[in-house]
1. Please specify each residue of the stretch B:112-134 satisfying the condition of being within 14 Å of another protein chain (Cβ to nearest Cβ) and either small (Gly, Ala, Ser) or not in a strand (DSSP E or B) (or both).
2. Give the residues of the stretch B:191-200 that are more than 8 Å from every other protein chain (Cβ to nearest Cβ) and crowded, with 16+ Cβ neighbours inside 10 Å, sorted by residue number.
3. In this structure, is A:ILE27 open to solvent by 100 Å² or more (accessible area, probe 1.4 Å), modelled with pLDDT of 80 or more and of a type outside the set (S, T, N, Q)?
4. Which of the residues that make up the stretch B:148-200 are β-branched (Val, Ile, Thr) and not in a helix (DSSP H, G or I)?
5. Being open to solvent by less than 50 Å² (accessible area, probe 1.4 Å), within 14 Å of the chain's Cα centre (by Cα) and either away from chain A (no Cβ under 14 Å) or among the β-branched types (Val, Ile, Thr) (or both) is the filter here; which residues of the stretch B:90-104 pass it?
6. Restricted to the stretch B:135-144, and to residues that are crowded, with 21+ Cβ neighbours inside 10 Å and in a strand (DSSP E or B), which residue is nearest to the other protein chains (Cβ to nearest Cβ)?
7. I'd like the residue in the stretch B:159-176 that is at pLDDT below 90 and open to solvent by less than 70 Å² (accessible area, probe 1.4 Å) and, out of all such residues, is farthest from B:LYS69 (Cα to Cα).
8. Conditions: (1) at pLDDT 70 or above; (2) exposed (fewer than 15 other Cβ atoms within 10 Å of the Cβ); (3) not in a loop (DSSP other than H, G, I, E, B). A:LEU77 meets all but one. Number of the miss?
Amino acid sequence: MASAAGSGAAVPFWRAAGMTYITYSNICANLVRNCLKEPYKTEALSREKSPVQTQLKGNELRLALQNLQMEGNLFSLLKLSSVWSVW
Amino acid sequence: MFRQATRLLVRPISRTGSRRFSTDLPVAETADESFVEAWKKVIPNIEPPKTPLSFMQPRPATPSSIPSKLTVNFVLPYASELSKKEVDMIIIPATTGQMGVLPGHVATIAELKPGVISVHEGNEVTKYFISSGFAFIHANSIADVIAIEAVPLDQIDSSSVQKGLAEFTQKVSSASTDLEKAEAQIGMDVHSALNSALTG
């Protein structure tokens, strides 16, 4: 969101740094959860895990891409060959 | 660009068709009348099934005199902390400062900062620390407060708060990119709010 209300009103510092409200709010919630006393803390941290899996990152991503590439090469080899019965 | 300005500025302010608050509108109907009529024409012997509209509760209208109690709905993503609770007053930590909400408060939407929300009912005061959220106060003295995390103050561990405060104070000074600075600042805000909640 490039323009704030009234194009000139003060934006919050997190918005100016490029963060959305959802990100800001989730960071606040995680910080609060980390400051809880023991039985409540474990309950709260289990709530933090979202049901949606995050994408592969970093090294995992690199390895996954390498695997895809290898499979891709194999597939194209098989397509060229006449041995379709393998599939 | 401003040719229409004079005309627009002097047009009458209150005209039929100008926007009104949602709580000023007449109470919405609770049964689907056209559906029921059509059903009865075709199947007069069997009772018509209930439509989703009949399960909805009508929006309470704005009373003409100020009610004596404020109805609070305090909800979290995973639970409803307070549901239609009648209280005397709530104090919410809005970004513009501590805001006290009494029955008959003007309709407001307030963004909340990490802080303590206190619910006053007779002589008892219940306090919760909320991580951030919004408060919608309607003209009919119903307040909806939504937050992502809300904990009673006795569930907060003061040693983690002190540790976090020290860690983020150090991060604020050593942060390089804008994003890191913003995160460190958020950490500072949250932990200092937690600290003042524990001590205040």
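The values are calculated or read from the model by the stated rules, or taken from the named source; none is laboratory data. These numbers were taken from a predicted model, which means no experiment stands behind them. No Cβ is skipped: glycine too gets one built from the backbone with ideal geometry, and neighbour counts run over all protein chains shown. Surface areas here come from the heavy atoms of the whole protein model, side chains and all, with no ligands, DNA or RNA. Shrake-Rupley method; radii C 1.70, N 1.55, O 1.52, S 1.80 Å.
1. The answer is B:LYS113, B:PRO114, B:GLY115, B:SER131, B:SER132, B:GLY133.
2. First pass over the stretch B:191-200, keeping only residues more than 8 Å from every other protein chain (Cβ to nearest Cβ): B:192-193, B:195-200.
If the condition is that a residue be more than 8 Å from every other protein chain (Cβ to nearest Cβ) and crowded, with 16+ Cβ neighbours inside 10 Å, then B:SER192, B:ALA193, B:ASN195, B:ALA197, B:LEU198 are the ones that fit.
3. Values: open to solvent by 100 Å² or more (accessible area, probe 1.4 Å): no; modelled with pLDDT of 80 or more: yes; of a type outside the set (S, T, N, Q): yes.
Considered against the rule, which asks whether it is open to solvent by 100 Å² or more (accessible area, probe 1.4 Å), modelled with pLDDT of 80 or more and of a type outside the set (S, T, N, Q), A:ILE27 comes out as no.
4. Narrowing the stretch B:148-200 to residues β-branched (Val, Ile, Thr): B:148, B:151, B:156, B:161, B:169, B:172, B:177, B:186, B:190, B:199.
Passing the criteria: B:ILE148, B:VAL151, B:ILE156, B:THR177.
5. Here is the first cut: in the stretch B:90-104, the ones open to solvent by less than 50 Å² (accessible area, probe 1.4 Å) are B:90-94, B:97, B:99-101, B:103-104.
Now narrow it down to the ones that are within 14 Å of the chain's Cα centre (by Cα): B:90-94, B:99-101.
Correct list: B:ILE90, B:ILE91, B:ILE92, B:MET99, B:GLY100, B:VAL101.
6. Restricting to residues being crowded, with 21+ Cβ neighbours inside 10 Å and in a strand (DSSP E or B), the top hit is B:ALA135.
7. B:ALA175
8. Among (1) at pLDDT 70 or above; (2) exposed (fewer than 15 other Cβ atoms within 10 Å of the Cβ); (3) not in a loop (DSSP other than H, G, I, E, B), the lone unmet condition for A:LEU77 is (1).
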